[in-house]
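The values are calculated or read from the model by the stated rules, or taken from the named source; none is laboratory data. If you're wondering where the values come from, they're calculated on a predicted model, not measured in any experiment. Cβ placement follows ideal geometry from the backbone for every residue including glycine, while neighbour counts extend to all protein chains displayed.
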Amino acid sequence: MMQPKYDASLLFVCLGNICRSPVAEAVCRQYVTRMNLNIRCDSAGLHDYHKGALPDSRTLKNAALHQLDMSGIRSRKITVNDGNQWDYIIAMDHSVYEQLKTQFPAQAQPNVLYEFMAFNPQAQWLEVPDPYYGTAKDFELVYELCVSTMPWIVQKVKSAML
Ligand code: 4NP
């Protein structure tokens, strides 16, 4: 089958690809669908500790509270090929961003690598905190930051498409 054409493509990256970036992916997909935009969304992790796994059970529980569809999302590690396949590679926190810059030095130059919270000038958070060793409220914060930041991200992507 032919690869469908997209107007833009976004890859969200965290450490394990089971807590934060899968929520960003799902929120992104929900938002671009609502906005009737043809934007590709995916997520990946720096590590393969959870390769092939569903999102964390606490992530799924919190998503269910908000009717966020996370079906079909499985953990995968970012690959060398990802470096050339995405218009935007968006790190969920600063240390992930720094590691991506080391891993993809060429992409650090032509505006491919970004920090998630840098898109949102109104947020009080500079990064999406890792909820893995946290509680339910930390998972809710991940969801809230993804929902409040996604319109800013899509706005920027749309303006670059014009
Ligand atoms: P994520 O959270 O990077 O948001 O998916 C984590 C998941 C797993 C681990 C750390 C963070 N871990 O150390 O296994």
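Checking GLN103 against (1) without any contact (Cβ under 8 Å) to a residue 60 or more places away in the chain; (2) within 15 Å of the ligand (Cβ to nearest atom), only one condition comes out false. Which one?
GLN103 satisfies all of (1) without any contact (Cβ under 8 Å) to a residue 60 or more places away in the chain; (2) within 15 Å of the ligand (Cβ to nearest atom) except (2).
Of the residues VAL27, VAL112, which single one is at pLDDT 95 or above, surrounded by fewer than 23 Cβ atoms within 10 Å (Cβ to Cβ) and away from the ligand (no atom under 13 Å from the Cβ)?
After applying the criteria, what remains is VAL112.
Of everything in region 122-156, what is part of a helix (DSSP H, G or I) and among the hydroxyl-bearing types (Ser, Thr, Tyr)? Give them in sequence order.
TYR143, SER148, THR149 - these are the residues of region 122-156 that are part of a helix (DSSP H, G or I) and among the hydroxyl-bearing types (Ser, Thr, Tyr).
Every residue in region 122-162 that is out of contact with any helix residue (DSSP H, G or I) (no Cβ under 8 Å at 6 or more places or on another chain) and away from the ligand (no atom under 16 Å from the Cβ), please.
GLN124, SER148, GLN155, VAL157, LYS158, SER159, ALA160, MET161, LEU162
Across region 30-59, what is the number of residues that are more than 17 Å from the chain's Cα centre (by Cα), among the polar types (S, T, N, Q) and within 14 Å of the ligand (Cβ to nearest atom)?
The qualifying residues number 1.
I need the full set of residues from region 54-75 which are buried (at least 17 other Cβ atoms within 10 Å of the Cβ), without any contact (Cβ under 8 Å) to a residue 60 or more places away in the chain and more than 27 Å from LYS158 (Cα to Cα), in order please.
Result: PRO55, LEU60, SER75.
Working only within region 108-125, note down all residues that are touching a residue at least 24 places away in the same chain (Cβ under 8 Å) and under 15 Å from the mean Cα position of the chain (by Cα).
Correct list: VAL112, LEU113, TYR114, GLU115, PHE116, MET117, PHE119, ASN120.
Say whether the condition of being farther than 20 Å from TYR133 by Cα, away from the ligand (no atom under 14 Å from the Cβ), of a type in the set (A, V, I, L, M, F, W, C) and in contact with a Leu (Cβ under 9 Å, 6 or more places away or on another chain) is met by at least one residue in region 63-80.
No, that holds for no residue.
Residues that are touching a Cys at 6+ places or on another chain (Cβ under 9 Å): list the helices (runs of 4 or more DSSP H) wholly contained in region 7-121 that include at least 2 such residues.
Fully inside region 7-121 and qualifying: 21-34, 57-65.
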